[in-house]
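Worksheet: the structure to be examined is printed underneath.
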Amino acid sequence: MSTGKAHLAHVEAQLAQEEGRKARVIVEPSVRNPAAAITLAALSLSEDAIMLVCPSDHHIGDPGAFAEVAFTAAKLANEGWLVSFGIEANAPEPDLVVLESDPKLSLVVSVGYLGG
């Protein structure tokens, strides 16, 4: 798990409530860009591990639905797919990139934010 210094106590408190779960917490060196912490976390995993990256500035309106989709994504990743979550574009936007999906998977097109 990776978090910023400001959220460390909150994360540790939540982890303490999870009986039997072990987690290592990586504290991000900068609040501007989690890339270093994500890279360190990825390098600490086994080669065949599945990693889910969820920036904290995203709101998940339906946690149950998100968990279901995340488990489906993990199954696809285990089959060798690269899985990305995002929003469905409703208008052209120069700061967004569209990733096309395989129609056989019947997944929504994934969009990622590139702007600053």
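Read-outs throughout are calculated quantities, based only on the coordinates presented, and are distinct from any laboratory measurement. Predicted model only: the values in this text are computed from it and were never measured. Cβ placement follows ideal geometry from the backbone for every residue including glycine, while neighbour counts extend to all protein chains displayed.
Residues in the range 36-65 that are more than 24 Å from residue 76 (Cα to Cα), part of a helix (DSSP H, G or I) and free of Cβ contacts under 8 Å to residues at least 24 places away in the same chain: 36 only. Reported count of residues in the range 1-45, each being touching a strand residue (DSSP E or B) at 6+ places or on another chain (Cβ under 7 Å) and basic (Lys, Arg), is 1.
Within the range 10-32, the residues that satisfy the criterion of being surrounded by 10 or more Cβ atoms within 10 Å (Cβ to Cβ) and not in a loop (DSSP other than H, G, I, E, B) are 10, 11, 12, 14, 15, 26, 27.
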